[in-house]
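Structure first, commentary second.
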Amino acid sequence: MTEISLNSETSTRNRLSQWLFNPFMFVAGLPALSAGLAIILISGFFCWLGSTHFDGVLDVHTGLAAQWWIFPAEGLIDWILLAIPLFFFGLIISKSSFRLIDVFGTQALARWPYLITAVVMLPSANLKVGNFVFARLAQTTPVVAVNLADIFIFAVAMLLGILMAVWMVVLMYRAYSVSCNVKGTKAIATFIIALIGTEIISKVIILPLINRVI
Amino acid sequence: MKILPTTCPACNEQLKVKSLICENCSTEIQGSYDLPPLGQLSIDDQLFLLDFIKTSGSLKDMAGILKLSYPTVRNRLDEIIERIKLTGNAGKNNMEKNL
């Protein structure tokens, strides 16, 4: 009896861990694409509220107000730009046949930790402390004063932001691995190349877009 | 129904058939025979293939039954195909020799 309940507990824990770090075992294709697109759009809404920009595949910056549509557009650009090279790398290194909708769907869903980041970045304390630190680094007089609560909120937001970024990268790799059936050194190497390349390209595309609209 | 073991519980090597018996006349044949290629797969893989055949080879239906995503099921099938290619080639050659 004890053994059975222990096994069941382990199995529940495994399943929870799979849902957290490899949900693509259970969700892919159209459901993943629909959920992923919804998450990107909702994240865009929160980003608009907090003036938070995902101005690169992994980048998060705050404090620059812009037109509302810029924010979801950034998320969509980040998603498409990474999914395209991963699809082509999959075609090159995978021995299996795979579907385009699985690659794009799982990559969209893999961006869900950034929904949490968008919410975490909402408090104005983040912007205040950010501006304060920037002013100190630039050796100018800070415009606003910050208190201990602001610093605490900022520290929590930074910590969570880093954790969410790491989690998202793990999910992006898992999404690539499951949807294209690739594993090992080749899979990791091509993923890193795609991620770095896309990070650069996304900056090149998104920054001029923001500058043109503001 | 007893489950036919395919690998040795002590060293995990592939098991062979040593004896076959006719339940009607009790004739017993002894020798050393390879299991057929599909019989060499693990029970999990054999059950997976049975489900695959029952769903007329529909990976979408399989994904629904197993509550897994389509690519996960397809990847599992690809792994089994690889195993059959590795273990099955020798068995197929033996079968062709005997025909």
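The values are calculated or read from the model by the stated rules, or taken from the named source; none is laboratory data. Just so you know, these numbers come straight off a predicted model, no measurement behind them. Positions of Cβ are generated from backbone atoms using ideal geometry, with glycine treated the same way; all protein chains shown enter the neighbour counts. To get the accessible areas, we keep the full protein, side chains included, count just its heavy atoms, and leave off ligands, DNA and RNA. Shrake-Rupley method; radii C 1.70, N 1.55, O 1.52, S 1.80 Å.
Computed quantities for the displayed model
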{"item": "Dipole magnitude (debye, nearest 20) for chain B, charges at Cβ of Lys, Arg, Asp, Glu", "result": "160"}
{"item": "Proximal charge balance of A:Asp78 [Cβ under 12 Å; K/R count +1, D/E count -1]", "result": "-2"}
{"item": "Label-point separation, A:Ser34 to B:Ile3 (7 Å along Cα→Cβ), nm", "result": "3.6"}
{"item": "Area of A:Thr141 that stays accessible when all protein chains are in place (1.4 Å probe, Å², to 10)", "result": "120"}
{"item": "Average accessible surface area per residue within the protein assembly as shown, 1.4 Å rolling probe, Å²", "result": "60"}
{"item": "Cβ-based charge dipole, chain A, positive-most Cα from A:Pro31, A:Val133, A:Tyr173", "result": "A:Tyr173"}
{"item": "Unit charges on C-beta of K, R, D, E only; dipole of segment A:54-165, Debye", "result": "140"}
{"item": "Solvent accessible area, Å² - B:Lys16, 1.4 Å probe, full protein context", "result": "120"}
{"item": "Cα→Cβ-extended label distance, 7 Å offset, between A:Val166 and A:Ile42, nm", "result": "2.5"}
{"item": "Most to least accessible of B:Glu13, B:Glu23, A:Glu74, B:Glu82 (protein chains only, probe 1.4 Å)", "result": "B:Glu23, B:Glu13, B:Glu82, A:Glu74"}
{"item": "Spatial separation of Cα centroids for segment A:161-209 and segment A:68-104, in angstrom", "result": "10"}
{"item": "GNM result for chain B, Cα springs below 10 Å: residue of B:Thr55, B:Thr27, B:Thr72 fluctuating most strongly", "result": "B:Thr27"}
{"item": "Lys/Arg +1, Asp/Glu -1 at C-beta; segment A:36-137 dipole; positive extreme among A:Pro113, A:Ala73, A:Leu91", "result": "A:Pro113"}
{"item": "Links that overshoot a 24 Å alpha carbon limit, given the list B:Lys2/B:Lys54; A:Lys183/B:Lys54; A:Lys95/A:Lys186; A:Lys186/B:Lys85; B:Lys16/B:Lys54; B:Lys16/B:Lys85", "result": "A:Lys183/B:Lys54; B:Lys16/B:Lys54"}
{"item": "Solvent-accessible ranking of A:Ile151, A:Ile206, A:Ile92, A:Ile101, largest area first, probe 1.4 Å", "result": "A:Ile92, A:Ile151, A:Ile101, A:Ile206"}
{"item": "Percent carbon-and-sulfur accessible area, segment A:43-90, ignoring ligands, DNA and RNA, probe 1.4 Å", "result": "78"}
{"item": "Relative contact order (percent, whole number), chain A, Cα cutoff 8 Å, 6+ residue spacing", "result": "30"}
{"item": "Which of A:Tyr114, A:Tyr173, B:Tyr33 is most accessible, then next, and so on - probe 1.4 Å", "result": "B:Tyr33, A:Tyr173, A:Tyr114"}
